[in-house]
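Only one structure is covered here, and it is reproduced in the block below.
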Amino acid sequence: MKKTVIKRIALTTLTALMIAFIFTQSLLPADESADESSAVMDLVNGLLSSLNLDLAVTDFIIRKTAHFTEFFILGALLYFTIDSYIVSGALTVVIPSVGGLLIAAADECIQSFSEGRSTEIRDMLIDLSGVLCAVALMYLLRRLLNKRKEKREKIE
């Protein structure tokens with residue numbers, strides 16, 4: 001198999017697994033989701049305390065950070081997956097961004113079917129901001145790396 005085909009399969013698989021992870025988290029009942037958030041909150045607050053930092057994170061901060069982080073990772077995966085199929089151009093930014101929005105909307109809808117959970121527009125916007133930040137960062141990194149490569153080729 002060609003290297004490009006293997007790269008596409010790997011990226012597509014990782015992206016699908018990330019979407020499955022996000023949707024699986026949304027299917028958790030509210031009490032299970034709260035238990036997971038509490039465990040992470042206790043871990044983070046224990047770490048902050050061990051560093052003698054007079055700070056504490058709340059359940060709200062943990063949950064919203066999780067939304068942003070999950071979708072940031074998804075945005076990066078979507079960007080690289082689409083980039084592996086499309087040579088370049090605006091579509092490498094537009095498709096992952098629109099895809100991220102659709103996945104965020106679906107994710108919030110899925111939550112409405114989970115016991116004790118609800119759909120929140122705020123969460124969808126946090127999700128979308130994670131995707132957009134990742135897509136923008138990956139696009140900028142790609143451009144920077146391409147410019148460095150072009151400079152090296154001119155020197156040689």
**Request:** Tell me which of these D59 doesn't satisfy, since it passes every other one: (1) out of contact with any Asp or Glu (no Cβ under 9 Å at 6 or more places or on another chain); (2) more than 19 Å from P29 (Cα to Cα); (3) acidic (D, E).
**Result:** (2)
**All positions within the stretch 53-75 that are open to solvent by less than 70 Å² (accessible area, probe 1.4 Å) and farther than 22 Å from A34 by Cα** = L74, G75
**Request:** Considering (1) in contact (Cβ under 8 Å) with a residue 24 or more places away in the chain; (2) part of a helix (DSSP H, G or I); (3) of a type outside the set (V, I, T), say which one G46 fails and leave the rest.
**Result:** (1)
**Request:** Sort out which residues of the stretch 113-126 are surrounded by 11 or more Cβ atoms within 10 Å (Cβ to Cβ), in a loop (DSSP other than H, G, I, E, B) and not acidic (D, E), and write them in order of number.
**Result:** S114, G116, R117, T119
**Request:** With respect to L78, determine if the residue is open to solvent by 70 Å² or more (accessible area, probe 1.4 Å) and not in a loop (DSSP other than H, G, I, E, B).
**Result:** no
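Out of the residues in the stretch 127-156 meeting the condition of being more than 30 Å from A106 (Cα to Cα) and not charged (D, E, K, R), tell me which one is most open to solvent (accessible area, probe 1.4 Å). Steps first, please.
From the stretch 127-156, those more than 30 Å from A106 (Cα to Cα) are 143-156; that's our starting set.
Checking the rest, the ones that are also not charged (D, E, K, R) come to 144-146, 155.
Values: L144: 100, L145: 105, N146: 73, I155: 144 Å².
Looking at the filtered set, the residue picked out is I155.
Among the candidates S33, S50, S37, which residue alone is farther than 21 Å from L132 by Cβ and open to solvent by 50 Å² or more (accessible area, probe 1.4 Å)? Even if it seems obvious, please write down each step before you answer.
Values: S33 fails: open to solvent by 50 Å² or more (accessible area, probe 1.4 Å); S37 fails: open to solvent by 50 Å² or more (accessible area, probe 1.4 Å).
After applying the criteria, what remains is S50.
The values are calculated or read from the model by the stated rules, or taken from the named source; none is laboratory data. None of these values were measured; they are calculated from a predicted model. In this analysis, Cβ positions are derived from the backbone assuming ideal geometry, glycine residues included, and neighbour counts consider all displayed protein chains. Accessible surface areas use protein heavy atoms only, side chains included; no ligands, DNA or RNA. Shrake-Rupley method; radii C 1.70, N 1.55, O 1.52, S 1.80 Å.
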